[in-house]
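Engineer: Questions regarding the structure given below will be posed in turn.
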Amino acid sequence: MNPRSVLPLALISLSPSLLFAQSPPAEPPAAPEPARVAIRPQPTLSSVPTAPPTAPPIPSVRPTSEAPEVLQAPPAPKVAPAPAATTAPAAPPAPPRAPAQMLNVQIEVTLADSKGPSKTVLLTVADGEMGQNRTQTFGTSNPFTFNADARPVIVGSKIRLHLTAEATIPGTGLDSPDRTPSLNLRQSQMMILNDGISVEIARAADPVSSRAFALSVKATIQR
């Protein structure tokens with residue numbers, strides 16, 4: 001007998017209970033079959049629609065009491081607009097004229113001459129109207145003229161009178177010891193006269209000789 005086969009037999013005869021007490025090793029469980037996964041074909045780049053890129057939303061930041069205060073820049077100073085060009089104020093309108101009264105005013109204009117007699121022109125003019133008087137001598141080498149234009153306005157018991165008077169006075173002859181040249185006098189002014197009272201309104205003197213002239217006016221309301 002082969003010595004190699006004797007030894008296992010002896011071991012079996014000596015400890016049969018030990019051999020039967022040990023159970024044969026269990027077979028390892030079979031590995032589960034891997035699950036089959038269906039692979040779907042991936043779409044190509046040409047078939048996938050591309051969406052326009054969108055900006056990511058900006059998260060809103062709520063101010064908190066713990067956040068540091070942000071200093072704001074001071075507002076820019078306001079520039080005053082350039083002043084508009086000013087125009088000269090219009091002249092105030094003339095006050096309305098009072099209605100004329102149904103009265104006449106007699107006006108006497110007297111020119112006194114220190115070297116001769118006085119000359120007087122007289123004209124009667126309605127209230128608020130204009131009157132003229134023209135006086136002239138002819139046939140002499142030195143003609144004499146005396147003209148007056150007047151516009152009276154009755155205001156209560158007084159007369160506002162606008163008067164223009166002009167006179168050409170001949171000089172004395174050459175054979176006179178105190179000969180004087182011809183003179184031309186003209187006076188124009190506005191005045192206030194009392195009813196029926198004569199007032200001297202102008203006086204003039206010849207610068208060459210001692211001859212003097214005085215102009216007086218009297219206005220009388222014809223009631």
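We did not get these values from a lab; they are worked out from the coordinates using the rules stated. Here the structure is a predicted model, which is why all the values come from computation and not from measurement.
Engineer: Calculate, in whole percent, how much of the Cα-Cα pair population of region 104-222 lies beyond 23 Å.
Structural biologist: Values: 2337 of 7021 pairs.
Everything past 23 Å amounts to 33 percent.
Engineer: How long is the gain from residue 90 to residue 155 if the chain were fully straight, where each residue apart is worth 0.36 nm and the alpha carbon distance is subtracted?
Structural biologist: Contour length minus the Cα-Cα distance gives 20.5 nm.
Engineer: What full-extension length gain, to one decimal in nm, is calculated for residue 113 and residue 214 as 0.36 nm per residue of separation minus the Cα-Cα distance?
Structural biologist: Taking 0.36 nm per residue and subtracting the Cα distance, the gain is 35.7 nm.
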